[in-house]
Amino acid sequence: MRAAVIRRSGATPAVDQFADPQPGQGLSVGTLVAASLNPLDLAIVNDQLPFRRLQPPYIAGYEAVVQLGDGTRCYLGGPPAPYGALAELVPVPDSAGFPVPDGLDPGLAAALGVAGLVGWVSLDYRGHLQTGETVLVLGAGGAAGQLAVQSARILGAGRVVGAARGKALEQAADRGADAVVDLADDRDIDAGLAAAAPGGYDVIVDFLWGGPAPYAMNHANVGARYIQVGSSAGPTSTITAATIRNKLLTLVGQGTVGTPAEVRRSAYAQLMRHATDGKFTLDLEQTRLDDISQTWEHLKAGPPRKLVVTP
């Protein structure tokens with residue numbers, strides 16, 4: 001079969017022939033409908049994630065929507081090695097596939113996996129968002145941030161503020177943020193966060209960390225929940241003990257690893273239901289498997305739209 005094969009750690013995947021996966025006890029084989037690309041894919045190929053270290057040669061791609069032999073479609077994250085999502089055929093453990101409704105755009109269904117689940121689970125399962133609370137999304141311009149803004153609205157937030165840089169602010173506003181804060185100039189961040197939510201923030205979902213984190217914590221309410229999910233602005237941040245202590249701040253980490261499978265399955269089912277109702281939108285850029293080498297370079301550069309790969 002045709003697949004995006006990695007021959008060396010850190011290399012750009014190239015389309016090549018790879019042995020077909022074989023069905024077996026507890027394992028089905030589906031055909032690729034749409035795969036979604038994320039920064040996570042780059043980290044896996046660069047051997048930066050201890051929970052998914054693969055020995056070349058293997059197939060790149062973490063998540064996809066596949067069609068099974070009975071005609072149903074399911075979402076799968078993390079196919080069993082050495083297989084990945086970027087191939088004509090994808091092995092699906094029976095317990096791993098999440099149902100995808102008929103009629104839903106498979107590209108959107110794939111994109112709502114990694115990027116959609118992180119925001120929903122952060123707000124609901126980890127942040128315990130209550131109706132009427134104020135939410136701040138740091139990094140609201142990226143795909144995961146845009147979906148987190150929409151998730152906050154669906155989950156009952158009273159006010160949603162998106163913080164990002166430059167043109168990404170427009171994307172956050174388009175997805176339903178009540179206000180946006182430009183993070184481009186450190187001198188203006190405090191004033192921007194204060195003006196966007198004079199009453200402070202009850203739940204903060206942080207895709208950035210680095211420099212913006214201390215500003216966000218300064219505007220957290222007493223008893224606020226701070227959910228740390230990404231570090232695109234830097235892996236370290238300088239925060240004061242007094243800020244956490246005096247605000248009774250709950251600092252929570254959220255990632256793919258450690259989230260119970262049943263929580264992810266339930267959350268994905270809710271995402272599918274709301275997506276079917278038209279409550280989730282995301283700009284997608286459709287690409288082909290044969291063009292994966294060029295698409296991969298596009299992924300490295302940080303594309304403005306979510307990259308989706310079809311056979």
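The values are calculated or read from the model by the stated rules, or taken from the named source; none is laboratory data. In this text the structure is predicted, and so the values were computed from the model without any measurement. So basically every Cβ, Gly included, is an ideal-geometry build from the backbone, and we count neighbours across all protein chains shown.
Per-structure values
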read-out	value
Subset of the range 17-44 (residues that are part of a strand (DSSP E or B) and either touching a Lys or Arg at 6+ places or on another chain (Cβ under 6 Å) or surrounded by 14 or more Cβ atoms within 10 Å (Cβ to Cβ) (or both))	LEU27, SER28, VAL29, GLY30, THR31, LEU32, VAL33, ALA34, ALA35, SER36
Segments classed as strands (runs of 3 or more DSSP E), wholly inside the range 81-190, with at least 1 members that are more than 30 Å from THR31 (Cα to Cα) and of a type outside the set (Val, Ile, Thr)	134-138, 159-164, 179-182
Of all residues making up the range 28-74, the number that are among the acidic types (Asp, Glu) and without any contact (Cβ under 8 Å) to a residue 24 or more places away in the chain	1
The lone exception for GLY223 - which of (1) on the phi > 0 side of the Ramachandran plot; (2) in a strand (DSSP E or B); (3) within 22 Å of the chain's Cα centre (by Cα) it fails	(3)
Residues located in the range 4-16, provided they are under 12 Å from SER293 (Cβ atoms) and surrounded by fewer than 17 Cβ atoms within 10 Å (Cβ to Cβ)	ALA11, ALA14, ASP16
Boolean, LYS300 is touching a residue at least 40 places away in the same chain (Cβ under 8 Å), closer than 21 Å to GLY145 by Cβ and surrounded by fewer than 16 Cβ atoms within 10 Å (Cβ to Cβ)	yes
Residue match in the range 259-269 (condition: over 30 Å from ASP16 (Cα atoms), of a type in the set (Val, Ile, Thr), in a helix (DSSP H, G or I) and not assigned by TED's automatic domain parsing to the domain that holds LEU169)	yes
The listed residue being surrounded by fewer than 18 Cβ atoms within 10 Å (Cβ to Cβ), closer than 28 Å to THR131 by Cβ, touching a residue at least 40 places away in the same chain (Cβ under 8 Å) and in contact with a strand residue (DSSP E or B) (Cβ under 7 Å, 6 or more places away or on another chain), out of GLY200, GLY158	GLY200
